[in-house]
Amino acid sequence: MSNLRAQGDMETHGSSKNERPVLVEVRRLKKYFPIQRGLLRKVVGYVRAVDDVSFEIREGETLGLVGESGCGKTTAGRVILRAYPPTSGEVLFRRNGRLEDISGLSGKELKELRRSMQVIFQDPYSSLNPRMTVMDVIAEPLRIHRIAQGDELRMRIRQLLEMVGLRVQHMNRYPYAFSGGQRQRIGIARALALNPKLIVCDEPVSALDVSIQAQVVNLLQDLQKELGLTYLFISHDLSVVEHISTRVAVMYVGSLVELAPPAELYASPFHPYTEALLSAVPSIDPEAHTQRILLQGDVPNPSDPPPGCKFHPRCRYVMDICKEEVPTWLEVKPSHWAACHLHK
């Protein structure tokens, strides 16, 4: 069975009839960026930022997407939001009770779709326009989509501010008057303005102090329960992802290497890369002694990945087959998937 076929089978065999319906389904998604050189800007290669990725997100759940910087997490999120057009593959989103391919939408259809899909950015300092008041920042999507105006608009903004734990009296202030945690709450209020179904959280707490991170994560969880939201939570912080996620997907050089519920993944990782990542997470137990796994070498260049398994140059379990053959995406245990020749 080929790797492409196996990833497609994951969507069928990895779900049960009693689970919630799928809101987003990503099928064999690729996003390549051209490398141009010379005066004529000739294309000499491609950066394979997202390379044949498949997964699904069910209504009301949080899919955590983790990996090192540059592995393609943010690019995958932006392709799902159609901020980037995909090179190939499909992104299906549930609209009017059925999954529809949105990768080819444009113009009016795309504008309508974006009412259902919003994003929370990583940096709360650069994601808010310093020349706009809090009221204008939150009102912008409502005005663009002509949802509300006048007193109705002000009432909606007051409601959103209270929802994220900010004072209504501050709506006429500018972003510079707020702390990083407060600015991120403003960003969350803006993302909620259109009553979206899916929110892509792109490292939403990485720029915040640890004490503030917990507050923002708890707020996101409370809002999810209250509003029935679905999250794609992108992060490199495994401890945060463990706390908030329903399932966790691990990404390496543009490809998924493991996918499982957090308790299962953190207790018994099946991919050597996941194992190494988890060994670096500090423990709150002073008597715990975790052996740190140090990866040799550097992350491969996504424009020229190694043949076979992309992780094999750094893997301590490497075998000859790893250098030649792309590993099959297998369900090693129920709801626990991995792409590794060790489990073939």
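Tell me, which residue of region 41-51 that is in contact (Cβ under 8 Å) with a residue 24 or more places away in the chain and more than 18 Å from Val248 (Cα to Cα) is surrounded by the most Cβ atoms within 10 Å (Cβ to Cβ)?
Ala49
Quick one: how many residues across region 112-164 are buried (at least 16 other Cβ atoms within 10 Å of the Cβ), assigned to a loop (DSSP other than H, G, I, E, B) and out of contact with any Phe, Trp or Tyr (no Cβ under 8 Å at 6 or more places or on another chain)?
Looking only at that region, the number is 10.
I'd like to check which strands (runs of 3 or more DSSP E) are fully inside region 240-344 and have at least 1 residues that are under 23 Å from the mean Cα position of the chain (by Cα) and among the basic types (Lys, Arg).
Those strands (runs of 3 or more DSSP E) span 247-252.
Could you list, in sequence order, all residues of region 243-264 that are in contact (Cβ under 8 Å) with a residue 40 or more places away in the chain and under 20 Å from Ser206 (Cβ atoms)?
Once the filter is applied, which keeps residues that are in contact (Cβ under 8 Å) with a residue 40 or more places away in the chain and under 20 Å from Ser206 (Cβ atoms), region 243-264 yields Ile244, Ser245, Val248, Ala249, Val250, Met251, Tyr252, Pro262.
What about Thr230, is it under 30 Å from His145 (Cα atoms), modelled with pLDDT of 95 or more, assigned by TED's automatic domain parsing to the domain that holds Arg94 and in contact with a strand residue (DSSP E or B) (Cβ under 6 Å, 6 or more places away or on another chain)?
For Thr230, the condition - under 30 Å from His145 (Cα atoms), modelled with pLDDT of 95 or more, assigned by TED's automatic domain parsing to the domain that holds Arg94 and in contact with a strand residue (DSSP E or B) (Cβ under 6 Å, 6 or more places away or on another chain) - is met.
Is it the case, given these coordinates, that Ser206 is closer than 22 Å to Thr75 by Cβ and either surrounded by 21 or more Cβ atoms within 10 Å (Cβ to Cβ) or in contact (Cβ under 8 Å) with a residue 24 or more places away in the chain (or both)?
Yes.
Looking only at region 311-329, which residues are surrounded by fewer than 16 Cβ atoms within 10 Å (Cβ to Cβ) and in contact (Cβ under 8 Å) with a residue 40 or more places away in the chain?
Result: Arg316, Tyr317.
Only one of these conditions is not met by Lys108: (1) more than 30 Å from Val22 (Cβ to Cβ); (2) surrounded by fewer than 13 Cβ atoms within 10 Å (Cβ to Cβ); (3) over 25 Å from the mean Cα position of the chain (by Cα). Which number is it?
(1)
Within the group Gly67, Gly38, which residue is modelled with pLDDT under 95, at positive phi and surrounded by 21 or more Cβ atoms within 10 Å (Cβ to Cβ)?
Of the residues listed, the single one that is modelled with pLDDT under 95, at positive phi and surrounded by 21 or more Cβ atoms within 10 Å (Cβ to Cβ) is Gly67.
Does Ile157 meet the test of being under 19 Å from the mean Cα position of the chain (by Cα) and among the β-branched types (Val, Ile, Thr)? Working first, answer last.
Numbers: under 19 Å from the mean Cα position of the chain (by Cα): no; among the β-branched types (Val, Ile, Thr): yes.
No, not satisfied.
If the Cβ limit is 9 Å and pairs must be 6+ apart or interchain, which residue in region 159-174 that is farther than 16 Å from Glu140 by Cβ pairs with which residue that is of a type in the set (Phe, Trp, Tyr)?
Within 9 Å, the pairs are Leu166/Phe178; His170/Phe178.
The values are calculated or read from the model by the stated rules, or taken from the named source; none is laboratory data. Everything numeric in this text was worked out from a predicted model, so none of it was measured. Note: ideal-geometry Cβ built from the backbone for every residue, glycine included; neighbour counts use all protein chains shown.
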